[in-house]
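First up is the structure itself, then whatever we jot down about it.
The values are calculated or read from the model by the stated rules, or taken from the named source; none is laboratory data. Bear in mind that the values here come from a model prediction, so they are computed numbers and not experimental data. In this analysis, Cβ positions are derived from the backbone assuming ideal geometry, glycine residues included, and neighbour counts consider all displayed protein chains. What goes into the accessible areas is simple: the full protein's heavy atoms, side chains included, and nothing from ligands, DNA or RNA. Shrake-Rupley method; radii C 1.70, N 1.55, O 1.52, S 1.80 Å.
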Amino acid sequence: MRRALLLLLCVFGTGPVWAGSSAVQAHAWVAEYRVHDGQGDRTLVLVRSDDRVEYRLAGEPVRVWENGADGLVHREVFVADGRIVSYTPGDLRALGRNPEWLSLSHLVDPALRAQLQAQGARKVSALRNARAQRYRGEVHGVPVQLDWLDAADLPAQYRSGKGRAAYRLELRTLEQRPASVAFTATDGLREIDYADIGDMELDPFARRYIRAGAGVAAEH
């Protein structure tokens, strides 16, 4: 679960469009979170449609996952370099790095709620007129608190552990935008298959990617 969270930009728009809109299927959720972990405080932007999810963290490539008939496809988008590195379902299986779609697309696996006790509804401070269901309990001896937004099927708040060592995830903004503009634009970027990276020794981008640990990010 934490590995999916760590894969873990300001969000534009005029405001939330909640579930129930006739245009929901043409839109993607855009959620901005404050993340606190061993690396300190960071901002994570999640963009999610029915079969696609995107993670944006400052200083890292944009990471995109698509849930297809043959399994997950992963892409790392390096906008400044004009490159995309793509992993097929076979690549991910060969690497032994094939995360669960539910954890990727929801940040926290929704099934976790079944292991916790419901504590009633709570107002979500980041959203006007929105309430989330709070859950509390312990998982493998670790205290967990989870506030869940049913409308977006996303966490409003998640905390695991105690004190400064606790992992914390807190929603800052949430809206729906047209999927055609919500995800990072990739027009004009060159896509490279992960399987071909090792044969591109003369390519400066490929050399940097290999030195940074090619394939490591795909485990999340």
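Excluding ligands, DNA and RNA, what is the solvent-accessible area per residue of segment 88-192 at a probe of 1.4 Å, expressed in Å²?
Details: 5720 Å² over 105 residues.
With all protein chains present, segment 88-192 gives 54 Å² per residue.
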Point to revise | Peptides 70-82, 27-39 ordered by average Cβ neighbours within 10 Å, highest first | key: 27-39, 70-82
Revision key, fill the gap. Here the gain from full extension of H36 to Q119, 0.36 nm per residue of separation minus their alpha-carbon distance, amounts to 27.5 nm
Exercise for review: May I have the extent of the alpha carbons of the chain along their three principal axes, as whole Å values ordered from largest to smallest?
Suggested key: 58, 43, 33
Exercise for review: Mind jotting down the distance between the C-alpha centroids of segment 20-95 and segment 167-181, whole Å?
Suggested key: 12 Å
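Residue separation times 0.36 nm, minus the C-alpha to C-alpha distance between R164 and N129: what's the value? Intermediate results must be reported in sequence, preceding the final value.
Values: separation 35, 0.36 × 35 = 12.60 nm, distance 3.08 nm.
Full-extension gain reported as 9.5 nm.
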Review point. Add -39500 (n - 2.57) for each DSSP H run of 4 or more in the chain, then divide by its residues: what number comes out at 222 nm, to the nearest 500 deg cm²/dmol?
Key: -3000 deg cm²/dmol
Practice item. Work out the length of the dipole vector of segment 27-212 about its Cα centre, built from +1 on the beta-carbon of each Lys and Arg and -1 on the beta-carbon of each Asp and Glu, and round it to the nearest 20 debye. Key: 1180 debye
